[in-house]
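Okay, so here's the structure we're looking at.
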Amino acid sequence: NKPRSLFADEELEQAAQLILESEGVVNPIIVRRNGLQSYEVVDGDFEYYAAARAREIDPRKGEMIGVFI
């Protein structure tokens, strides 16, 4: 629900690089199921957008992150 524009581009870029270096996020994000294959981020919006940026940089390394449903 939080737009990506709320977070500084530099911070997202740094976090994306850390995600790629460590091959994931340290703290999984928390999501709620909205439908069969749709989810809403409950906690971890910054990490979600950083992971999305990591995937833009390197689709192989930034493909997946851990979540709690």
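The values are calculated or read from the model by the stated rules, or taken from the named source; none is laboratory data. From a predicted model like this one, the values you see are computed outputs, not experimental measurements. All Cβ positions, even for glycine, are placed from backbone atoms using ideal geometry, and neighbour counts span all protein chains on display. Only protein heavy atoms, including side chains, enter the accessible area calculation; ligands, DNA and RNA are left aside. Shrake-Rupley method; radii C 1.70, N 1.55, O 1.52, S 1.80 Å.
Some notes on this structure:
- Gly24 falls short on exactly one of the conditions (1) in contact (Cβ under 8 Å) with a residue 40 or more places away in the chain; (2) open to solvent by 100 Å² or more (accessible area, probe 1.4 Å), and that condition is (2).
- Extreme residue, least open to solvent (accessible area, probe 1.4 Å), among residues of the range 27-56 that are β-branched (Val, Ile, Thr) and touching a helix residue (DSSP H, G or I) at 6+ places or on another chain (Cβ under 6 Å): Ile29
- Test result for Tyr39, of a type in the set (Phe, Trp, Tyr), touching a strand residue (DSSP E or B) at 6+ places or on another chain (Cβ under 8 Å) and modelled with pLDDT of 90 or more: yes
- Single residue of Asp58, Asp43, Asp9 found to be among the acidic types (Asp, Glu), touching a Leu at 6+ places or on another chain (Cβ under 8 Å) and free of Cβ contacts under 8 Å to residues at least 60 places away in the same chain: Asp58
- Hits in the range 10-26 - residues which are assigned to a helix (DSSP H, G or I) and in contact with a helix residue (DSSP H, G or I) (Cβ under 9 Å, 6 or more places away or on another chain): Glu11, Leu12, Glu13, Gln14, Ala15, Ala16, Gln17, Leu18, Ile19, Leu20
- Subset of the range 11-21 that is surrounded by fewer than 16 Cβ atoms within 10 Å (Cβ to Cβ) and farther than 17 Å from Asp45 by Cβ - its residue that is modelled with the lowest pLDDT: Glu21
- Meets criteria (in a loop (DSSP other than H, G, I, E, B) and more than 18 Å from Leu6 (Cα to Cα)) for Gln37: yes
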